[in-house]
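The values are calculated or read from the model by the stated rules, or taken from the named source; none is laboratory data. Remember, predicted model here, so these are calculated numbers, not experimental data. FYI the Cβ positions are ideal-geometry reconstructions off the backbone, even for glycines, and counts take in every protein chain you see. We work out accessible area using only protein heavy atoms, side chains counted, and drop any ligands, DNA or RNA first. Shrake-Rupley method; radii C 1.70, N 1.55, O 1.52, S 1.80 Å.
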Amino acid sequence: TGAILRLVGRWTGLYPSDPMMACKVDMLLELETDLMLPVLLTVQDPRRHGLPADLPCGSGSEAAARRSALAMPGAPLSRRLLQLEEALRRLGFGTSDSDPWAAGTPSPSIADCALVPRLRYLTSGELL
């Protein structure tokens with residue numbers, strides 16, 4: 001969970017002590033959660049999230065069709081990816097080689113630890 005990630009981040013120096021930088025890291029963690037929720041609802045048992053048990057999930061063709069629909073223009077996943085891209089742009093990510101960390105921190109943060117595996121998963125081809 002985010003709470004555990006923040007705790008480990010504080011212990012390891014991956015969570016900023018500066019409140020403004022911590023706010024940027026937290027914003028990206030929340031965006032990562034929002035990004036993955038629609039996908040998780042097609043992978044995990046829907047009852048885990050208080051939804052009806054008959055929603056298609058897992059590896060079946062109906063679940064794969066639901067996942068494909070998420071990535072269509074204007075669909076939840078594509079909208080959230082655009083929101084993430086805009087947030088990263090506002091934070092200065094990718095604007096120069098001297099600022100490679102997602103939250104604009106001087107070194108990696110827990111935001112990078114959360115976003116990198118999620119984005120790799122989304123581009124891995126495992127979902128479709």
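If packing is taken as the average count of other Cβ atoms within 10 Å, what order do 33-42, 13-22 fall into, highest mean first? Please list the in-between numbers first.
Values: 33-42: 17.4, 13-22: 14.3.
Most protected by this proxy first, the peptides run 33-42, 13-22.
Largest first, the residues R6, R120 sort by 1.4 Å accessible area into R120, R6.
Residues S124, S61 ordered from highest to lowest accessible area at a 1.4 Å probe: S61, S124. As a rough guide to protection, the peptides 108-114, 76-82 ranked by mean Cβ packing within 10 Å, highest first, stand as 108-114, 76-82. For the pair Y121 and T33, label points projected 7 Å from Cα toward Cβ lie 1.5 nm apart. With 0.36 nm allotted per residue and the present C-alpha distance subtracted, the C23-I4 stretch has 5.2 nm of extension available.
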